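The values are calculated or read from the model by the stated rules, or taken from the named source; none is laboratory data. Worth saying up front: this structure is predicted, and the values here are computed from it rather than measured. No Cβ is skipped: glycine too gets one built from the backbone with ideal geometry, and neighbour counts run over all protein chains shown. When the accessible area is computed, the model is the full protein with side chains, heavy atoms only, and any ligands, DNA or RNA have been set aside. Shrake-Rupley method; radii C 1.70, N 1.55, O 1.52, S 1.80 Å.
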Amino acid sequence: MTEIPSVEANNRFDEAFDRIKKATGMRTQVEIAKLLDIRQSSISDAKRRQSIPDSWLIKLFQIYNLNPNWLLDGEAPQFLGEQRGGALSVREPAEVYGRKPKHYAVPVAAMSLPEGQEGPWEEIGRETVTIPDSFYRPSLLVVRMDEDDMEPVIRRGAYVGIDKERKTIRSGALYAVDMPVEGLVIKRILHDTENARLVLHSENPNHVDQTLAADGATDRIIGRVIWVFQDL
């Protein structure tokens, strides 16, 4: 006789899977399967069994230092050892002893919104990147470009550094903007004073420009782009 999982077991699996999506910034089963190097059908099998495989927990610990107990039951802390994701930057041990590190390992936030969410955008780490200390600042946000709308200036896959304290709009500069449904986008912002609006310009001619009413638009500014790491 086939055993039917209880409602409590179903909820426990779904809650654990939601924690995996939130912590990694992944939105779909396809993305998570790719991250874990498994087939998407393996996720369906795990859901049917109502059990998170140990191999997933090991992989998520290796990549993000995620605490297995937090993944399974929500038991704090979320991370074990150095944090590799989330909104807080990870600094090298040398800083503890008063020596300025030459590099910083910082989290890279997902640009897209979690599945089913319409906003506002949240800073959720999904990987880390190591940068020279001269490129680091406490107000730094790093994202990985997931679209081609700013090519060739910023290519898909580029790491983009954003200063969250620089929100004053200078016409012609590049900014990260929180857009409804889309999540975080990077655009060249131009003032259109005649029509009291801002033009969010895409460098790629295959993408149309967007506009925002000037009144209140600054509330959507996440910060100004200060550097880009990409292949030439």
Worksheet item: Which ones in the range 171-190 are part of a loop (DSSP other than H, G, I, E, B) and either in contact (Cβ under 8 Å) with a residue 60 or more places away in the chain or within 14 Å of the chain's Cα centre (by Cα) (or both)?
Response: 180, 181, 182
Practice prompt. State the number of residues belonging to the range 144-203 that are in contact with a Phe, Trp or Tyr (Cβ under 7 Å, 6 or more places away or on another chain) and among the charged types (D, E, K, R).
Written response: 3
Fill in: Residues (open to solvent by 20 Å² or more (accessible area, probe 1.4 Å) and not acidic (Asp, Glu)) located in the range 176-190
180, 181, 188, 190
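Tally the residues that are assigned to a helix (DSSP H, G or I) and touching a helix residue (DSSP H, G or I) at 6+ places or on another chain (Cβ under 7 Å), restricting the search to the range 22-41. Full working, then the answer.
Taking the range 22-41 first, the residues assigned to a helix (DSSP H, G or I) are 22-24, 29-36, 40-41.
Cutting the leftovers down to touching a helix residue (DSSP H, G or I) at 6+ places or on another chain (Cβ under 7 Å) gives us 23-24, 29-30, 32-33, 35-36, 40.
Result for the range 22-41: 9.
If the requirement is being within 19 Å of the chain's Cα centre (by Cα), open to solvent by 60 Å² or more (accessible area, probe 1.4 Å), modelled with pLDDT under 95 and among the hydroxyl-bearing types (Ser, Thr, Tyr), which of these qualifies: 130, 168, 211, 193?
On the way: 168 fails: within 19 Å of the chain's Cα centre (by Cα); 211 fails: within 19 Å of the chain's Cα centre (by Cα); 193 fails: within 19 Å of the chain's Cα centre (by Cα).
Within the list 130, 168, 211, 193, the selection yields 130.
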Response to the item:
Counting only residues in the range 57-75 that are open to solvent by less than 10 Å² (accessible area, probe 1.4 Å) and in a helix (DSSP H, G or I), the one nearest to residue 33 (Cα to Cα) is identified as 60
Worksheet item: So which residues in the range 1-21 are at pLDDT below 85 and either part of a helix (DSSP H, G or I) or open to solvent by 100 Å² or more (accessible area, probe 1.4 Å) (or both)?
Response: 1, 2, 3, 4, 7, 8, 9, 10, 11
Discussion item. Given the criteria of a type outside the set (Ser, Thr, Tyr), surrounded by 16 or more Cβ atoms within 10 Å (Cβ to Cβ) and part of a loop (DSSP other than H, G, I, E, B), does residue 122 qualify?
Written reply: yes
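Based on this model, can you work out whether residue 219 counts as outside any strand (DSSP E or B) and charged (D, E, K, R)? Spell out the reasoning first.
Working: outside any strand (DSSP E or B): yes; charged (D, E, K, R): yes.
Spelling it out, residue 219 is indeed outside any strand (DSSP E or B) and charged (D, E, K, R).
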Worksheet entry | Sole exception among (1) part of a loop (DSSP other than H, G, I, E, B); (2) acidic (Asp, Glu); (3) touching a strand residue (DSSP E or B) at 6+ places or on another chain (Cβ under 8 Å) for residue 146, by number | (3)
Discussion item. Being among the charged types (D, E, K, R), over 17 Å from residue 139 (Cα atoms) and touching a Ser or Thr at 6+ places or on another chain (Cβ under 9 Å) is the filter here; which residues of the range 207-232 pass it?
Written reply: 209
